[in-house]
Every structure is written in structure tokens, then in C-alpha cells.
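Report on the following structure.
Computed from the coordinates by the stated procedures, all read-outs in this text should not be read as laboratory data. None of these values were measured; they are calculated from a predicted model. We place every Cβ from the backbone using ideal geometry, glycine too, and count neighbours over all the protein chains shown.
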Amino acid sequence: MVGDNVEQGVYSYEEAIRIADHQNLDLVEISPNAEPPVCRVLDYQKFLYQKKRKEKEQKQNSKKIDIKEIRFGPQTDEHDYNFKLKHAQEFLKDGDKVKAYVFFRGRSILFKEQGELLLARFCTDLEEFGKPEAVPKLEGKRMIVIIAPKK
């Protein structure tokens, strides 16, 4: 048994409860799998409150990663490509993932190779900002690649 104003040691269950009652506190089992189980004398409501507050703080400190989408056509012009590349660089600098895809309309699905080359070039141009999670893959009328920011 451990706790404030309690001598650390091994106590019987009845004695531990008596000590907790004497201090008007609760006996809380901290690690039940230990041999012998470890209990702490503390105010349980205060313990729950502090635990909830720590979880809330951790949630606030964790950064939510957004996925930003960038859409290309199979015959995207050089200027448009560079414009979208700059946007992708900014997204990756901010710590967001980038989902780049080539959208094939109608018969443009015949230009799968052009779309794959475009996405491969896009990945190599963004190499210093992030790395692709997988090779470009075709899903329906879209060829998709997701690029994660570098740490």
C-alpha cells in the first residue's frame, strides 16, 4: 500500500481499509496484476477529475492531421502543375497529408500511363517535403497517391 501520510508496506485488506477510513479517503487498487497488488490511499473523486483533465490536455496537445486533396487531369498543363505543386508544398509544411489524384473522364482512361507518370513526377518533386505512403493505384476513374509529411 502507498499514499500520502501512509507508511509504505504490505498490509492486510482489513487493515488497509481501516487506514483509508481513518483518513476519510478511499482505497484504490492501482496495479491488480502485481504480486502483491498495489493499492493507494487517496480521494477517488479528485483522482478521477485529475485523470479526466490529463486526458483533455493530451487531446488538446495532439495535432489533428488533415488530408488535403489535389486533383489533376491526365493532360495537366505545366503552369497548373507548378501551381498545384506549390500548394502541396505548403500543405506538407503545415503537417497535413496530401492526397493527389488524376481524374479520368470518359475515354481519357486510355491515358493511364500519363496519369501514372504525372503522379510519379509529383512525388519526386515533393521528395524533400514528404514521402508517398504507397505507389499510385487506380481506383475506379481515379489514380491516387497519398503523400505524408516528413517529420
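Report, please, the projected area of the range 92-148 averaged over directions, based on the convex hull of its C-alpha atoms, in nm².
3.7
Considering amide H positions built from the backbone, and no H for Pro or chain starts, which residues 5 or more places from residue 68, or on another chain, come under 5 Å of its amide H?
For residue 68, whose amide H was placed from the backbone, the distant partners under 5 Å are 97, 98, 99.
Once fully extended, how much extra length lies between residue 47 and residue 15, figured as 0.36 nm per residue of separation less the alpha-carbon to alpha-carbon distance?
9.3 nm
Extent of the range 43-121 along each principal axis, from alpha carbon coordinates, in Å, largest to smallest?
70, 24, 16 Å, listed from the longest principal axis down.
Would you mind telling me the antiparallel percentage of the DSSP bridges in the chain, rounded to 5?
Roughly 70 percent of the DSSP beta bridges within the chain come out antiparallel.
For the pair residue 93 and residue 61, what calculated FRET efficiency results from E = 1/(1 + (r/R0)^6), where r is the Cβ-Cβ distance and R0 = 22 Å, to the nearest 0.05?
0.60
Run down the lysines and flag those whose C-alpha is under 24 Å from the C-alpha of residue 59, throwing out any fewer than 8 positions away in its chain.
46, 51, 68, 93, 97, 150, 151
Quickly work out the residue 38-to-residue 5 label distance, labels modelled 7 Å from Cα along the C-beta direction, and quote it in nm with one decimal.
2.3
Kindly provide the pair-distance distribution of the range 2-60 built from C-alpha pairs, with 10 Å bins from 0 and whole-percent values in order of increasing distance.
21, 46, 24, 8, 0
Quote the FRET efficiency, to the nearest 0.05, computed for residue 78 versus residue 112 with a Förster distance R0 of 30 Å and r equal to the Cβ-Cβ distance.
0.90
What is the distance in Å between the Cα centres of the range 1-70 and the range 114-151?
Taking the Cα centre of the range 114-151 as reference, the centre of the range 1-70 is 46 Å away.
Bins of 10 Å, beginning at zero and ending with the bin holding the largest distance: percent of Cα pairs per bin for the chain, please.
Going from the shortest bin to the longest, the percentages are 10, 26, 15, 8, 10, 14, 12, 5, 0.
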